[in-house]
Amino acid sequence: RFNYSRCVGATCGNGTLDNGEACEPGLAFSTTCRDLGFLGGTLTCSSSCQWNTTACNNIDLCGNGIADNGEACDGAAMNGHTCLSEGFYTGTVSCNADCTVNTSECSGSCGDGTLDDGYGEVCDGALLGANTCISAGFYEGTLACDMSCGLDTSGCTGTCGDGTMDGTFGESCDGTDFGGRTCYSGTFSCLPNCQINDFNCAGYCGDGVIQSGFESCDGANFDVATPPCGDLGFAGGSRTCELSSCTPEYNCLTWVKVNQMDYNGCALDSSSGLWCWGYGDNGNLGDGTLVGKVAPVRVLGPAGMGWMDNVIDFSVGQHSVCAVRTDGSVWCWGANWSGQLGDGGTTNSSVPVRVRGPGGVGYLENVQRIFNGVYSFCALKTDETLWCWGNNGDTQGCLGINSTAASAAYPSQVVGINGIGVLTEVKDLSLSRTGACGGKAIIGASRALVTWGHCNSYQQNPTAFNYLYPVNVKDTGGAVNLVNVRSATNNSGAACAVRTNGNVICWGSGILGNNQPSGDYPFPVAVLNEDASNYLSDVVEVSSGWLLGTFCARKSTGEVFCWGDNNFGQLGISTLDSPKLLPVPLAGPSGAGLMNDAASMDNYCLVRTDGSAFCWCRDDNGILGDGTNTYGHSSSSGHDIVLFPVPVLGSAP
């Protein structure tokens, strides 16, 4: 038989809970019937050291007033549950019949949409109180509320200390980010408030001092090579200094048209304001005074009230100016001895007066463009009819109204070709701005050129007579009428026109750009290019000055070529070499290089594609509008002259 006296362990009843035994009789245990899946009863340990569940049962104990295992509560026994433990701020909990906690008498909780700041909430849902990204220490963004009713700043951006310099919010640095600034000599660091510590720096962008060789501006200071908008030929505007790089930035008001005669000039800015300069003894400037100005001053409004605004076109005569407003009305000021103000009288005016209607009835209306002669003006209406007033030159027929009257104090309609009917389908007009009066109009679909007045006595096209009414200009050879004209210009001795193919033709008496000295050419001759190797081409506009003997042509590329007399610097070529028998290029702005970006021109002025205006030639009494500074000025025959285009000064805000 086996002797087991020396075997040990796994002996139920030995008082030790051995491996494989659920329990040991006589040893205490904590396991209950509920732990084994019963609702209640008494659990015991069998003699085999296993659970005896015969006394366990499935009778529900909820309601016995004891928070049994598995019950949250039972009756008054809340098992430690309170409103606070259930996530509420105040109130009293109770026990439901199913032994679960009843929180209906509790109130206040994170997420209930009510901001309970007395219980530590700083926000609740969409309620943020007075909190913003800015109050949270950021510069901008959207603040939110998190699940614990605390602030969620994930949608906020920018703060001092984030390592990114936010100059928009007053930071001049952040950590090692100085916004592109460098210390020109020495070093600087960033203070805790995101401002530069420049104690060890001898100069940097942003210190308000221009460091020569490094900066052209700093803060509100600009060097002499960075002039304001007005000094650059613009109507005005502002210049600022870029914060991080100390480079200038311009926001200039541009010019859209400049027009000048031998006593004063005017310019229209891009906000429809009108400015004039030069002589003022007849009220030429429209500023309510009889005092001349060497730089542009703004024209007053009707009757001297406010400003002359909403201007769409203007034209400068000799001592007088007229302007068209957006409503189609015409207003004039200055000398009126020939009735050139169109108000029916002969009294000068230093403020704009409105042009009356034909015969003095009502007012002239529906005007789209205005043109000037020496002492006369013509208005092109929207129906393409032409109306003129002022000096008629008696038998010279300056106004083309088929009349020998000395002048017309009110607008009269230009009559038709050969005096029959009235002139219609007028596309463009040029009036002579020198002693011999008269005009040339482009009419009809064929763009035929017609002429009238005393200037034909010199130009001899179609014949050397004064015409009281329009007649057709003849083309080369004199056999057919001149048609397909894009642009034309007119002075006492000669005239020029641009064909629609871009070539230029001239006729009359003088230097006509055909490489020949001054002579008489009754019919058009072709203008040659600068080396006479071909015709001058790609021209879109031609202009004659108020001084005799000079013409200029503008190409589509923005280049300008001039020919003829140059005794007063009319050619703008930086010298007084005269005459020029072939077109020569106009000098660039302030004499630098050659002009290559002209957008429009008139007389001895032009507007560049960037909206700046420049003038050249004689500058007696500041008629160039450049402030009569000495830059580019010279003298000839007792006159102050400018040899190349200089900027028209501007002062508009």
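The values are calculated or read from the model by the stated rules, or taken from the named source; none is laboratory data. These numbers were taken from a predicted model, which means no experiment stands behind them. Counting neighbours? That spans all protein chains shown, and the Cβs are built from the backbone with ideal geometry, glycine included. Just the protein is used for accessible areas: all its heavy atoms, side chains included, with ligands, DNA and RNA removed. Shrake-Rupley method; radii C 1.70, N 1.55, O 1.52, S 1.80 Å.
Would a scan of segment 53-73 turn up a residue that is β-branched (Val, Ile, Thr) and either touching a residue at least 60 places away in the same chain (Cβ under 8 Å) or closer than 30 Å to residue 121 by Cβ (or both)? No: zero hits. Of the strands (runs of 3 or more DSSP E) lying entirely inside segment 468-552, those containing at least 3 residues that are open to solvent by 30 Å² or more (accessible area, probe 1.4 Å) and touching a residue at least 24 places away in the same chain (Cβ under 8 Å) span 519-526. Number of residues in segment 574-608 that are part of a loop (DSSP other than H, G, I, E, B), closer than 18 Å to residue 548 by Cβ and either touching a residue at least 40 places away in the same chain (Cβ under 8 Å) or of a type in the set (A, V, I, L, M, F, W, C) (or both) equals 4. Are any of the residues in segment 244-264 touching a Pro at 6+ places or on another chain (Cβ under 7 Å) and in contact (Cβ under 8 Å) with a residue 12 or more places away in the chain? No, that holds for no residue. Just one residue in the set 330, 291 is surrounded by fewer than 23 Cβ atoms within 10 Å (Cβ to Cβ) and hydrophobic (A, V, I, L, M, F, W, C); that residue is 291.
Here is a yes/no grid of residues against (1) among the small types (Gly, Ala, Ser); (2) touching a Pro at 6+ places or on another chain (Cβ under 8 Å):
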{"position": "426", "(1), (2)": "no, no"}
{"position": "429", "(1), (2)": "no, no"}
{"position": "446", "(1), (2)": "yes, no"}
{"position": "450", "(1), (2)": "no, yes"}
{"position": "458", "(1), (2)": "no, no"}
{"position": "461", "(1), (2)": "no, yes"}
{"position": "465", "(1), (2)": "no, no"}
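Residue check: residue 446 meets all listed conditions (1) of a type in the set (Gly, Ala, Ser); (2) under 25 Å from residue 398 (Cα atoms); (3) within 42 Å of the chain's Cα centre (by Cα); (4) open to solvent by less than 10 Å² (accessible area, probe 1.4 Å) but one, namely (4). Considering only residues in segment 73-105 that are assigned to a strand (DSSP E or B) and farther than 23 Å from residue 63 by Cβ, the one that is least open to solvent (accessible area, probe 1.4 Å) turns out to be 91. Taken over segment 198-235, the criterion of being outside any loop (DSSP other than H, G, I, E, B) and among the aromatic types (Phe, Trp, Tyr) is satisfied by 204, 222. In summary, residue 521 fulfils each of the numbered conditions (1) in contact with a Phe, Trp or Tyr (Cβ under 8 Å, 6 or more places away or on another chain); (2) aromatic (Phe, Trp, Tyr); (3) within 15 Å of residue 601 (Cβ to Cβ) with the single exception of condition (3). Can you pull out every residue in segment 618-641 that is more than 17 Å from residue 607 (Cα to Cα) and modelled with pLDDT of 80 or more? Listed by number, the residues that qualify are 618, 619, 620, 621, 622, 627, 639, 640, 641. Filtered by the rule that a residue be within 40 Å of the chain's Cα centre (by Cα), among the small types (Gly, Ala, Ser) and more than 23 Å from residue 175 (Cβ to Cβ), segment 136-159 gives a lone residue, 144. Here residue 323 meets the list (1) over 20 Å from residue 343 (Cβ atoms); (2) of a type in the set (Gly, Ala, Ser); (3) in contact with a Pro (Cβ under 8 Å, 6 or more places away or on another chain) almost entirely, failing just condition (1). If you go through segment 116-137 and keep only what is within 26 Å of residue 196 (Cβ to Cβ) and either basic (Lys, Arg) or open to solvent by less than 50 Å² (accessible area, probe 1.4 Å) (or both), you end up with 133, 136, 137.
Touching a helix residue (DSSP H, G or I) at 6+ places or on another chain (Cβ under 8 Å) and modelled with pLDDT of 85 or more: does that describe residue 32? Criteria not met by residue 32. In the set 238, 245, only one residue is open to solvent by 50 Å² or more (accessible area, probe 1.4 Å), within 30 Å of residue 167 (Cα to Cα), part of a loop (DSSP other than H, G, I, E, B) and among the polar types (S, T, N, Q); that residue is 245.
Of the residues contained in segment 372-390, none is found to be closer than 23 Å to residue 266 by Cα and more than 41 Å from the chain's Cα centre (by Cα). Screening segment 332-353 for residues that are among the hydrophobic types (A, V, I, L, M, F, W, C) and in a strand (DSSP E or B) and picking the one that is farthest from residue 319 (Cα to Cα) gives 353.
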